[in-house]
1. Using the charge dipole of segment 147-281 (Lys, Arg: +1 at Cβ; Asp, Glu: -1 at Cβ; taken about the Cα centre), state which of I213, I198, T232 has its Cα farthest towards the positive end.
2. For segment 180-282, what does the alpha-carbon gyration tensor say about shape, rounded, prolate or oblate, given a ≥ b ≥ c as the root eigenvalues, a/c under 1.5 as rounded, and a/b over b/c as prolate?
3. Principal axis extents for segment 218-276, Cα atoms only, whole Å, descending order, please.
4. Treat every Asp and Glu Cβ in the chain as -1 and every Lys and Arg Cβ as +1, leave all other atoms uncharged, and give the resulting dipole magnitude about the Cα centre to the nearest 20 debye.
5. Between helix 16-26 and the chain, what is the angle of the helix's C-alpha long axis to the longest principal axis, kept within 0 to 90° and rounded to the nearest 10?
6. Looking at the chain from every direction and averaging, what is the projected area of its Cα convex hull in nm²?
7. Can you tell me what share of the DSSP beta bridges in the chain is antiparallel? A percent to the nearest 5 is fine.
8. For segment 1-159, take the convex hull of the Cα atoms, compute a quarter of its surface area, and give me that in nm², please.
Amino acid sequence: MHTNEPFRLGIIGSGIVAALHVKAARTLPQVEVAAVCDIRTDAAEAMAADAGAAAYPGHREMLAAERLDGVIVTSPHTLHAQQTLDVAAAGVHVLVEKPMGTSVEDCTAMIEACRTAGVTLAVGHVMRFSETARMAEKVVSSGELGPVRAITHRRSARYSRDSRPAWFFDPALAGGGIVMNVGTHGLDRIQWLGGGEIETVHAHVWHRGGLEIETDAIGVAELSSGVKAGFTFTTAAVPYMDETLVLCEDGSLRWSATEGLWVSRDGGTEARLADPDEETADAFAAQLAAFVESCRTGTPPAVSGEYGRQVVSTVLAIYEAGS
């Protein structure tokens, strides 16, 4: 049901991703950031002051004190499950950052809790919502390049102790390394554009820099659609890369974060369809708008809990195959 009242939003966590959600909310007149919580009270207070919201030291205090319509969970990965259960128990809709959890069991518990409470559960695979993503999907789904035969994805990300907050290097909080964190974007892209779920995977995973979590992974997979896929996630000190190549029967599509969206037909030269996305907040704003619409109308979210669980299951299969 639509209403003129603002959609009151609470945010769990006050890191870099939470800041992107706050920035996105500013562009949506129907959304009000009402509360922010973080065990780092100074960080919560700073973000809340910037957003014109109330600050709390924990999510339970926030849920008890505020009338919220939705909550975005941006905390360390292994905390997602319990926080989602608590938000659902309060009768509040949930947008949980990817990875939605760190075990299939946790993901299932989150899905069931939200279903029982009658609230929406959406998973934050935000790359789906960029303008380039929508264009890539349109080209592939139109069939103009013929059936998809294979996909390759490669992504680099710095995984050294000075590159990100300390919890990313703690298995008890992160649940894994580059595959669990960065790799979920690529695995989502492979399955989304490949038209099926990853059913089998062969992988090699390893650690560098004396870290407990993995820093690199390579592998091949087969989707339920019959599409074959390859992936590389690496902390290698090379120029940044985030690229997906979709090989179709009658042409190819190349989606690069640094070079934009390109297509070739019938073996011809490449033509650029779009420049690189310039503003990450645009995708976050589109994702948030879709979440609010889903909550207010009862329509299924663009990225469901069931799908988020499948991505986590694939990450765990990579770990098992690469061990």
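Please treat every number below as a calculation from the coordinates, not as lab data. These numbers were taken from a predicted model, which means no experiment stands behind them. Don't worry about glycine lacking a Cβ; one is built from the backbone with ideal geometry, like all the others, and counts go over all protein chains shown.
1. I213
2. Numbers: a/c = 2.07, a/b = 1.31, b/c = 1.58.
Taking the square roots of the gyration eigenvalues as a ≥ b ≥ c, segment 180-282 is oblate.
3. Here the spans come out as 33, 31, 15 Å, largest first.
4. Working: 25 positive and 41 negative charges, 12 e Å.
Dipole magnitude for the chain comes out near 60 debye.
5. 70 degrees
6. Values: hull surface 64.4 nm².
The Cα convex hull of the chain, projected and averaged over all directions, gives 16.1 nm².
7. Details: 37 of 65 bridges.
Of those bridges, close to 55 percent are antiparallel.
8. On the way: hull surface 48.2 nm².
Approximately 12.0 nm², given one-decimal rounding.
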